[in-house]
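Visitor: Would you mind keeping the following structure in view while I ask a few things?
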Amino acid sequence: MRSSYCGVLDSTFIDKEVTLCGWVDRRRDHGGVIFIDLRDREGVVQVVFDPDAKEDFERADKVRSEYVLQVTGKVRARAPETVNKNMPTGEIEVYGTALKILNVAETPPFPLDEHQSVGEDVRLRYRYLDLRRSEMQRILRLRSRVTTAVRNYLHNQGFIDIETPILTRATPEGARDYLVPSRTHAGKFFALPQSPQLFKQLLMVSGFDRYYQIAKCFRDEDLRADRQPEFTQIDIETSFLDENQIMAINEDMIRHLFAEIKGVQFGDFPRITYAEAMAKYGSDKPDLRIPLELVDVKDLMTEVEFKVFSGPAKDPKGRVTVMKVPGGNDKLTRKQIDDYTKFVSIYGAKGLAYIKVNDLSDLENGLQSPIVKFLPTEVRKAILERVEAENGDLLFFGADKAKIVSEALGALRNKLGEDLDLYTCEWAPLWVVDFPMFEEDDDGSLSALHHPFTAPSCSAEELRANPPAALSRAYDLVLNGTELGGGSVRIHDQKMQQAVFDVLSISAEEQREKFGFLLDALKYGAPPHGGLAFGLDRLIMWMTGAHSIRDVIAFPKTQTAADLMTDAPGGVDPEQLRELHIRTRLEEKPKD
Ligand code: ASP
């Protein structure tokens, strides 16, 4: 139907006849001449109709925005004064000689060039129109380039693309499962995969050696801004490689992707341990673009009378730390400090103590702070020395259970980085390694920090003897403060797997019932193996600069996990439920 895309035309086409197909971006009537900006996926070109071609002119007069047209015409240079430098095709135009209306369109519910002022709900309801916008086209096409580059890279490294089931059993990745009732097995349910974790490990037992898949994963979690219930992972597993080799391949892939797609050259990714990340940045996914660090002062605070500090200082699970904002005195007003106090309360912090360092030479009057009067002079001095304070600096304090302090000041660090634009570079990738195997839940029980198939760095005996001290052979790839990917060397020894299940208090029956197939597989010659998975959506967010994860997915869900366009989830008729052996118990609406 066409000889060329609209958006690719340029002066090399001058005097050529072209046939174009596309949508009417804009139509203007200029004193008897009609201009149509015709749009297709490659861009927009101006087509001109004058009354010489009477019938076509009349048809051109009738078209409206988003009509679908086929246009034939001759490419010609624009007059110098009408050249549009902002338009890739702006040096030429097409002198239209034939116009066919392939389809009409109602007036769209929102102007396609003004999405900023359009509510996201409307965009999502009419997603097929929203996706016509050049910005969305750009993002989804970049996404396609990335997946193609990933496939090429991994294929060249000997990885084999293997699909794993969507209707399956639960995989423990720490989220709630999406369940699918079985019609043929009354009362039983499939779970949608939270990840292909167990299948990819089994593929290693089968000897494929290097597996990858661009895999859909499903997690029924309360959604945060950068989460979707259904999302995509670049999922990878390898055999006979240790963690350093696995990290090296994946680091190289990410480096390769950024070079190819963004033209950005990354150096070697630094590695830091989990312990160091928490100590210095209060986060296991630190944003290393921000030059702020936490400095612990617990040892200085045990004897002060101020209970807010001495309490956590004496508590083995407590943490007392300082974050210095160089020059922060001038940068932050009292009001902003109050706002940050509210901000850290989201993370459970009861307050946000601070000291403004006005004059270091005067420890009595040179420090401005509501709390400084509670600190003896020698403690003030020791703190200032430890954080290497200078006049004009602002010190924020965190004192509470370590978890709260790290989360609160870790989040404050990111917030200050953004608010004060403290970034020292554009990209800061790094590996975080040596994670603990387990984390303690509020009730004192242990759960796997990654997943229970992660290999510990110690023996099964050591693991059983002191589970909280055990470190894992896991690694996370962090970019600009977000976790881009994570994985581990896996347990390939059945006894070790048993030990981990035991520490997690998974009973023998439950182990059999949930993971019997894995424990069996480990008995039949499972090779040492390991891998990782990258969050593709987040990767695309970084590469495109999109602000929302919904902007990098063609048909996303809302924050309440609904699809506004298809109106899913939807009701089903009672007959279908009966076939599935299901009766719903809708809660009565609470009376107001
Ligand atoms: N299955 C893990 C996840 O989804 C990644 C991995 O360990 O390979 O987070």
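The values are calculated or read from the model by the stated rules, or taken from the named source; none is laboratory data. Just so it is clear, the model here is predicted, and its values are computed rather than measured. Note that each Cβ is placed from the backbone with ideal geometry, even for glycine, and that neighbours are counted across all protein chains shown. We work out accessible area using only protein heavy atoms, side chains counted, and drop any ligands, DNA or RNA first. Shrake-Rupley method; radii C 1.70, N 1.55, O 1.52, S 1.80 Å.
Visitor: Checking the conditions here, which among GLN194, GLN201 is within 16 Å of the ligand (Cβ to nearest atom), polar (S, T, N, Q), in a helix (DSSP H, G or I) and under 26 Å from VAL500 (Cα atoms)?
Guide: GLN201
Visitor: Condition first: free of Cβ contacts under 8 Å to residues at least 60 places away in the same chain, farther than 18 Å from VAL325 by Cα and surrounded by 15 or more Cβ atoms within 10 Å (Cβ to Cβ). Now tell me which residues in the stretch 350-389 satisfy that.
Guide: LEU363
Visitor: Further question on the same structure: Within the stretch 465-511, restricting attention to residues that are more than 15 Å from the ligand (Cβ to nearest atom) and part of a strand (DSSP E or B), which residue is most open to solvent (accessible area, probe 1.4 Å)? Step through it out loud before you land on a result.
Guide: We begin by selecting, within the stretch 465-511, every residue more than 15 Å from the ligand (Cβ to nearest atom); these are 465-471, 479-481, 493-496, 498-499, 501-511.
Within this subset, residues satisfying the condition of being part of a strand (DSSP E or B) are 471, 479.
Working: LEU471: 71, LEU479: 2 Å².
Among residues in the stretch 465-511 that are more than 15 Å from the ligand (Cβ to nearest atom) and part of a strand (DSSP E or B), the one most open to solvent (accessible area, probe 1.4 Å) is LEU471.
Visitor: Assuming LYS335 fulfils every condition listed in (1) part of a loop (DSSP other than H, G, I, E, B); (2) of a type outside the set (S, T, N, Q); (3) out of contact with any Gly (no Cβ under 7 Å at 6 or more places or on another chain) apart from one, which condition is it?
Guide: (1)
Visitor: Any idea which residue in the stretch 24-38 is farthest from PHE110 (Cα to Cα), counting only those that are free of Cβ contacts under 8 Å to residues at least 60 places away in the same chain and in contact with a Gly (Cβ under 9 Å, 6 or more places away or on another chain)?
Guide: ILE34
Visitor: A further question follows. Restrict the check to the stretch 44-51 and report whether at least one residue is in contact (Cβ under 8 Å) with a residue 12 or more places away in the chain and within 14 Å of LEU112 (Cβ to Cβ). Break it down stepwise before answering.
Guide: The initial filter retains those residues of the stretch 44-51 that are in contact (Cβ under 8 Å) with a residue 12 or more places away in the chain, namely 44-51.
Those still in the list that are within 14 Å of LEU112 (Cβ to Cβ) too: 44.
Yes, the stretch 44-51 has at least one match.
Visitor: Quick one: how many residues across the stretch 413-457 are out of contact with any Lys or Arg (no Cβ under 6 Å at 6 or more places or on another chain) and either in a strand (DSSP E or B) or over 17 Å from ASN480 (Cβ atoms) (or both)?
Guide: Here the count works out to 24.
Visitor: Which residues, counting only those in the stretch 409-430, are more than 21 Å from the chain's Cα centre (by Cα) and closer than 10 Å to SER283 by Cα?
Guide: The one that is more than 21 Å from the chain's Cα centre (by Cα) and closer than 10 Å to SER283 by Cα: LEU409.
Rundown of residues vs (1) open to solvent by 70 Å² or more (accessible area, probe 1.4 Å); (2) within 18 Å of GLN213 (Cβ to Cβ), yes/no style:
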residue	(1), (2)
ASP113	yes, no
SER117	yes, no
MET136	no, no
HIS155	yes, yes
GLY158	no, yes
ILE162	no, yes
ALA170	no, no
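Visitor: Another question, then. Which ranges mark the helices (runs of 4 or more DSSP H) fully within the stretch 91-168 that have 2 or more residues being β-branched (Val, Ile, Thr)?
Guide: Details: elements: 120-125, 127-130, 134-156.
By residue number, 134-156.
Conditions (1) outside any loop (DSSP other than H, G, I, E, B); (2) open to solvent by 50 Å² or more (accessible area, probe 1.4 Å); (3) touching a Phe, Trp or Tyr at 6+ places or on another chain (Cβ under 8 Å), marked per residue:
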{"site": "GLY516", "(1), (2), (3)": "yes, no, no"}
{"site": "GLY531", "(1), (2), (3)": "yes, no, yes"}
{"site": "ASP537", "(1), (2), (3)": "yes, no, yes"}
{"site": "TRP542", "(1), (2), (3)": "yes, yes, no"}
{"site": "ASP551", "(1), (2), (3)": "yes, no, no"}
{"site": "PHE555", "(1), (2), (3)": "no, yes, no"}
{"site": "GLY570", "(1), (2), (3)": "no, yes, no"}
{"site": "GLN576", "(1), (2), (3)": "yes, yes, no"}
{"site": "THR584", "(1), (2), (3)": "no, yes, no"}
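Visitor: Here's something else I'd like to know. Looking at ARG59 and the list (1) under 21 Å from GLU106 (Cβ atoms); (2) open to solvent by less than 60 Å² (accessible area, probe 1.4 Å), which single condition is not satisfied?
Guide: Result: ARG59 passes all but (2).
Visitor: May I pose another question? Looking at the stretch 43-64, which of its residues are part of a loop (DSSP other than H, G, I, E, B) and at pLDDT 95 or above?
Guide: VAL63, ARG64
Visitor: Of the conditions (1) open to solvent by 90 Å² or more (accessible area, probe 1.4 Å); (2) in a loop (DSSP other than H, G, I, E, B), LYS74 clears all except one; give me its number.
Guide: Every condition holds for LYS74 apart from (2).
Visitor: Does ASP520 satisfy the criteria of being acidic (Asp, Glu) and farther than 25 Å from LEU241 by Cβ?
Guide: No, not satisfied.
Visitor: Now for a different question. Could you say whether any residue in the stretch 155-176 is in contact with a Lys or Arg (Cβ under 8 Å, 6 or more places away or on another chain) and farther than 30 Å from SER239 by Cβ?
Guide: yes
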